[in-house]
Amino acid sequence: MEEETKNDPTAIWIRKQIESASQEIVDLGVIENQITQSRPIWSIPGKVVLGQLRAADELTSFKWVICGEVRTDHIDSAAAVTPREALRYFSLKWQMDAGRYTDPEAAARLVRQAEELYEMSEADHLWPDTDGSI
């Protein structure tokens, strides 16, 4: 990491979010082996981070992970090719997940987050060129 970003509050927040999400995914047993690489791909600082995690034994596949001021979640790399597609996928997934909630307030909160993700995925100015590879 370059010295100038090492102490940058935004970079620190993003790094902490990815590290925390990585640990949560390992704790859940989603990735059984040690993570060899985790990195942020796209973010809105203070709101959401989209990243990629790769297990030590995986050469070509990875997990998309979303975290920040939203719930931490993950999907397989096969579900989305680009970061923008991954954000759309999480939006749809959360819409469907909300339908299984028994707590109406929690369901409404998840639907709001899903709608925010979709709006972010559609906002062209938020998407710099990236191929989403790890």
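To keep it simple, each residue is scored yes or no on (1) open to solvent by 40 Å² or more (accessible area, probe 1.4 Å); (2) in contact with a helix residue (DSSP H, G or I) (Cβ under 7 Å, 6 or more places away or on another chain).
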position: Val26; (1), (2): yes, no
position: Gly29; (1), (2): no, no
position: Gln52; (1), (2): no, no
position: His74; (1), (2): yes, yes
position: Ser91; (1), (2): no, yes
position: Glu105; (1), (2): yes, no
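Residue-by-condition table, conditions (1) modelled with pLDDT under 85; (2) over 23 Å from Trp127 (Cβ atoms); (3) touching a Leu at 6+ places or on another chain (Cβ under 6 Å):
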{"position": "Thr10", "(1), (2), (3)": "no, no, no"}
{"position": "Trp13", "(1), (2), (3)": "no, no, no"}
{"position": "Glu19", "(1), (2), (3)": "no, yes, no"}
{"position": "Gln23", "(1), (2), (3)": "no, yes, no"}
{"position": "Trp42", "(1), (2), (3)": "no, no, yes"}
{"position": "Leu59", "(1), (2), (3)": "yes, yes, no"}
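Applying a threshold of 9 Å to beta carbon distances and a minimum spacing of six or more residues, or different chains, the list of pairs starting in the range 48-73 at a residue that is within 18 Å of Phe90 (Cα to Cα) and among the basic types (Lys, Arg) and ending at one that is open to solvent by 20 Å² or more (accessible area, probe 1.4 Å) and in a strand (DSSP E or B) reads Lys63/Arg54; Lys63/His74; Lys63/Asp76.
The values are calculated or read from the model by the stated rules, or taken from the named source; none is laboratory data. Since this is a predicted model, take the numbers as computed values, not measurements. Note that each Cβ is placed from the backbone with ideal geometry, even for glycine, and that neighbours are counted across all protein chains shown. Please note that ligands, DNA and RNA were not included when accessible areas were found on the heavy atoms of the full protein model with its side chains. Shrake-Rupley method; radii C 1.70, N 1.55, O 1.52, S 1.80 Å.
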